[in-house]
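Just so you know, all these numbers are worked out from the coordinates, no wet-lab data involved. This is a predicted model, so every value here is computed, not measured. Because the Cβ atoms are built from the backbone with ideal geometry, glycine has one as well, and the counts that use them run over all protein chains shown.
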Amino acid sequence: MASTLHLSDFVYPQAANLIAFAPLPAIITRTALTGGASFLDTFFLVPGILSQQDAVKVNDGEYPATAAMTSGYVFRVENQATVAFLQRVGKTGHLVDVDVYKTNDLSHIDPIASLSYLAGISSTMVVAVLLVAMKDYAALMFLGTLMAARFLNVVVIKRRATLGWKGVKEPGQMGDLMILASQDRWIRMRGTVDDLKEVTAGSWLQEMQPLDSFLACTASLLMYGSMAFAWKASALGSILTAGLLVLSSALLGICNSTTTKLRMFGCVVGKTGETPYARRRDMADDILKQTQALGYEDNSWAVRLGLVTEIKQDKKDVKSVIL
């Protein structure tokens, strides 16, 4: 009599849950795009939970040189989430226009991203209900432990994502920034000075306090401890939880890729247009003409930013441009 073959004869289904430890960047990207975290994230289970606190590294170490064209002041954008967004919307050989503004309406919400986010949360609920119906409590505990770890990381992010020091308030003043990102990506960012400060000055995540470190360490222990439940789960329960992690990863990837605006501290940062240039010199000439037409008196920022080597102050034109 021929023996019946089972899935467990070829693979160990419980081991599939190890994908929960894959350091995928989706959660980090989402944290940066939203400027923080929501408690609803607890139910969006994606591999990479332990890496969420590394969201400050999302800019790959880049802090682009920036000039305030209205005042001539030159500095660097230190907000890592903003830098990552500019890297994303920037395009080599193009001057990209970006606006910063505050809004309380839902006009900045991306429909596909929102639907993907809700689908990810719903998927977790469906799998949890199925596990209860199957009475696979080990798999359910595995799922619950992942949620607990996710929840603790969300709490830490919410504690860290607070508005820090941004300098003196300048109500009503309009700002106009020229940002030189890597790979010849040029960004012109406009908005009120106060809004620009909020999204460019300083890190958007504060340093971890002792309580934050304790919560993050607890989340790590929960993640590794969750495998004790995963190893006791049934084959079908393991397939469901592993499938949930894979599906959620895809949904969060769609959510991130269809998010077109950065949200942070009540501000929305969005791309409004782009202009291609054959040479950096052409862009420099054009931007200086525009600032002169707008009445910006101090164009010395262009020299300090490295766009030009010298400006004739009497005629307000470029004498030599660095290629």
Among 53, 292, 87: highest mean-square fluctuation, GNM of the chain, C-alpha pairs under 10 Å: 292
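Assuming 0.36 nm per residue, please report the length gained on full extension of the stretch residue 282 to residue 231 beyond their Cα-Cα distance. All intermediate terms of the calculation are to be shown ahead of the outcome.
Details: separation 51, 0.36 × 51 = 18.36 nm, distance 6.25 nm.
That works out to 12.1 nm of additional length.
Given Cα positions, please report Rg to Rh for the chain, the hydrodynamic radius being the Kirkwood one. All intermediate terms of the calculation are to be shown ahead of the outcome.
Values: Rg = 24.4 Å, Rh = 22.1 Å.
Here the Rg-to-Rh quotient is 1.11.
Would you mind calculating the gained length between residue 310 and residue 289 on full extension (0.36 nm times residue separation, minus the Cα-Cα distance), in nm to one decimal?
On the way: separation 21, 0.36 × 21 = 7.56 nm, distance 1.49 nm.
Using 0.36 nm per residue and subtracting the Cα-Cα distance, I get 6.1 nm.
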With eigenvalues of the C-alpha gyration tensor scaled by 5 and rooted, segment 159-310, Å: 46, 22, 14
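If you stretched the chain out fully between residue 170 and residue 129, how much longer would it get, using 0.36 nm times the residue separation minus the C-alpha to C-alpha distance?
Details: separation 41, 0.36 × 41 = 14.76 nm, distance 5.27 nm.
Full extension of this stretch gives 9.5 nm more.
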Point-to-point label distance, residue 158-residue 220, nm (Cα→Cβ direction, 7 Å offset): 2.3 nm
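Between residue 71 and residue 203, take the C-beta separation as r, use R0 = 30 Å, and let me know the FRET efficiency to the nearest 0.05.
Numbers: r = 23 Å, r/R0 = 0.77.
The value I calculate is 0.85.
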Principal-axis tilt of helix 111-134 within the chain, Cα atoms, nearest 10 degrees: 10 degrees
Normalised contact order of the chain, rounded percent, pairs of Cα under 8 Å and 6 or more residues apart: 30 percent
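Which value does Rg/Rh take for segment 15-172 over its C-alpha atoms, Rh per Kirkwood? If you can, show how the numbers build up before the last one.
Working: Rg = 19.5 Å, Rh = 18.5 Å.
Result: Rg/Rh = 1.05.
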Residue-averaged 222 nm ellipticity for the chain, from DSSP H runs of 4+ at -39500 (n - 2.57), nearest 500: -14000 deg cm²/dmol
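Just tell me the longest site-free run in the chain, where the sites are GluC sites (Glu not before Pro) in a DSSP loop having at most 16 other beta-carbon atoms within 10 Å. Please list the in-between numbers first.
On the way: sites that count: 62, 78, 207, 297.
Result, exposed sites excluded: 79-206.
Using Cα-Cα distances under 8 Å and only pairs 6 or more residues apart, what relative contact order does segment 174-315 have, in percent?
Values: 57 pairs, mean separation 17.4, N = 142.
Normalised by residue count, the contact order of segment 174-315 is 12 percent.
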Computed Kirkwood radius, in angstrom, where 1/r is averaged over Cα pairs of segment 60-133: 16.5 Å
DSSP beta bridges in the chain [antiparallel fraction, %, rounded to 5]: 85 percent
Cross-link pairs 57/102; 169/261; 57/158 - those with Cα-Cα distance over 20 Å: 57/102; 169/261
Principal axis box of segment 111-222, alpha-carbon based, largest edge first, Å: 61, 38, 32
